[in-house]
Amino acid sequence: MKKILLSMALSLTVLSANPVMAAAPAFSASQMAQVKIKELSFKEVMRQFYSGEMVSFFIDDETIEAVPHVGLGQANSDDERTVALMNPIIDYTNNAGESRYLVIIEKVQVDSNTGSLVSCHVCKATADIYSFKKLNNGQFQLVSRTPKNVEPSGINGRVMLDEKDIKNTMQPLGKEITGSVLKNGSFYHGIFVQWWDVLHLPENDFINLYGLGDAGMENGVHDEDSPLYYGYEGTLKVLSDNTTYYPIMLSYKGEKPTEDYEHIEHVNYSKIMKFNSTKKAYE
């Protein structure tokens, strides 16, 4: 059991959201506001942000062909090419009660020879996320965006950014920050692992995704009456306290392996996660 859980823990680290920590230009609200497009169509968004990168090449994948898409750049050393996909636009309201529109451009890899999605359990994609507001003249003005090539949680070559989950969990996450807390999960050798990712949508900083923590686990390899079976559930509560970043309380209940993976214990406890603005991480 120890070997399986250690492997699973390492896989979870790979799959969960990775915020961009490399040096990036300072955020400028005035520079963002200079970007205006007439409509939030795939055509206009791609021309605004990816001009000079778009190319046409062979694609033979139903999941890609079912949504607006276009190729980007040249093939890499593995003979894989990047395809940009536009997910459905998400409308939401910020903390001030103003309407905003979230555009997600997912960038996946396809095999140059077969035109199919490069898909494996640990294969991931990247995403560029943009928030807009609508002006009185009908145009859409950029409010914020992610740094380049943010890596959300992902599996089988796709990102875990379901528009319904984002919209349904949209809420205040700080004094001036709206966002979503997403519960993602995947199977590892019969063990179902879940984790929380947090999407921050600030208007005075870059948009980004952050790992929050464990959201539950169930060992489906064994029957429930087996001494090797375990399962526990994670729940959360955002603690609105008028601070820049609201703390989030995580609670766990059920049967959970110990940190050394040697024992299974009954648990019923909570812990509070706070966002460290210097490290850009919940801890």
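Below are the figures for this structure:
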quantity	calculated
Whichever residue in the range 139-156 is surrounded by 21 or more Cβ atoms within 10 Å (Cβ to Cβ) and part of a loop (DSSP other than H, G, I, E, B) and, among such residues, is nearest to the chain's Cα centre (by Cα)	Pro152
Residue in the range 51-66 that is surrounded by 15 or more Cβ atoms within 10 Å (Cβ to Cβ) and at pLDDT 95 or above present	no
Index of the failed condition, Phe192 passing every other in (1) more than 24 Å from Lys256 (Cα to Cα); (2) in a strand (DSSP E or B); (3) hydrophobic (A, V, I, L, M, F, W, C)	(1)
Qualifying residue in the range 166-178 (condition: under 13 Å from Leu102 (Cβ atoms), in contact with a strand residue (DSSP E or B) (Cβ under 6 Å, 6 or more places away or on another chain) and assigned to a strand (DSSP E or B))	yes
Selection within the range 120-159 - at pLDDT 90 or above and in contact with a Gly (Cβ under 6 Å, 6 or more places away or on another chain)	Ala125
Boolean, Thr82 is closer than 20 Å to Glu151 by Cβ, modelled with pLDDT of 95 or more and surrounded by 12 or more Cβ atoms within 10 Å (Cβ to Cβ)	yes
Matching residues in the range 21-73 - criterion: being free of Cβ contacts under 8 Å to residues at least 40 places away in the same chain, assigned to a strand (DSSP E or B) and farther than 20 Å from Val159 by Cα	Met54, Val55
Given (1) assigned to a strand (DSSP E or B); (2) modelled with pLDDT of 95 or more; (3) not β-branched (Val, Ile, Thr), number of the condition Phe187 does not satisfy	(2)
Test: residue in the range 109-130 that is in a strand (DSSP E or B), aromatic (Phe, Trp, Tyr) and under 17 Å from the mean Cα position of the chain (by Cα)	yes
Qualifying positions in the range 269-283 - exposed (fewer than 10 other Cβ atoms within 10 Å of the Cβ) and either within 16 Å of Gly234 (Cβ to Cβ) or in contact (Cβ under 8 Å) with a residue 24 or more places away in the chain (or both)	Tyr269
Scan of the range 233-262 for residues that are touching a Pro at 6+ places or on another chain (Cβ under 9 Å) and either loosely packed, with under 11 Cβ neighbours inside 10 Å or not in a loop (DSSP other than H, G, I, E, B) (or both), ordered by number	Val238, Asp241
Selection count where residues are aliphatic (A, V, I, L, M) and either over 15 Å from the mean Cα position of the chain (by Cα) or surrounded by fewer than 16 Cβ atoms within 10 Å (Cβ to Cβ) (or both), scope the range 90-105	1
Count of residues meeting criterion [in contact with a Phe, Trp or Tyr (Cβ under 6 Å, 6 or more places away or on another chain) and over 21 Å from Asn204 (Cα atoms)] in the range 270-283	1
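The values are calculated or read from the model by the stated rules, or taken from the named source; none is laboratory data. Every value quoted in this text rests on a predicted model; they were computed, and no experiment measured them. Because the Cβ atoms are built from the backbone with ideal geometry, glycine has one as well, and the counts that use them run over all protein chains shown.
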